[in-house]
Amino acid sequence: MRILATAAKGALVLALVGGCHIESGNYAEQLAAAQAGVTSYRQLYNRQDFEALYEMFVPGALGGQSRDAFVETQRKLYAAVGAFKMAALVGSGCFPHEVRLVYHSEFEKAKVTEAMSWSLRDGKAAATLYQVSNGYVDAKGDSSTSCSR
């Protein structure tokens, strides 16, 4: 099924949590804001409020995808995998004003890897990427960009 993209998923995860080396910093506040965004995202998804989910993305982040197309894609995803149940954070990358997260997640009908990226401004997170792949993908990245440093 095209909804659960599997092509180059390993490369995606590496690119998502990897990246260029940056100077060490304390990204606890940014990580907390991104995780609050993830919580809101999951609540909206489980309520099937896909219009509000669309509003969580920064303008242009969806490659010009219309609201209607996004909502239809989310409906198909929900039909395919069901409601969100639980997740484990398996990778993170923190950069100035950006947090990238990878989760091994369990939905009612599937186990997937979710890759999310969040833009942070004034303590608030806005989604810039959401991608889901069938099964669990290893999340190995550059430890210099880890949010736990």
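Quick notes on this one:
- In plain terms, the residue of HIS104, HIS97 with the fewest other Cβ atoms within 10 Å comes first and the most crowded comes last, giving HIS97, HIS104.
- Taking all pairs of distinct alpha-carbon atoms in the stretch 29-149, Kirkwood radius in angstrom: 14.7
- Derived scalar couplings between HN and Hα for the stretch 62-78 equal 9, x, x, 5, 6, 4, 4, 5, 4, 4, 5, 4, 5, 4, 5, 4, 4 Hz in order, rounded to whole Hz, by the Karplus curve 6.51 cos²θ - 1.76 cosθ + 1.60 (θ = phi - 60°), x for Gly and Pro.
- PHE57 long-range amide H proximity, modeled H, under 5 Å: ALA127
- Local electrostatic count at LEU89 - Lys and Arg +1, Asp and Glu -1, tallied over other residues with Cβ under 12 Å: 0
Values in this text are rule-based calculations from the coordinates and carry no lab data. Since the model is a prediction, treat every value here as computed from it, not as a measurement. We place every Cβ from the backbone using ideal geometry, glycine too, and count neighbours over all the protein chains shown.
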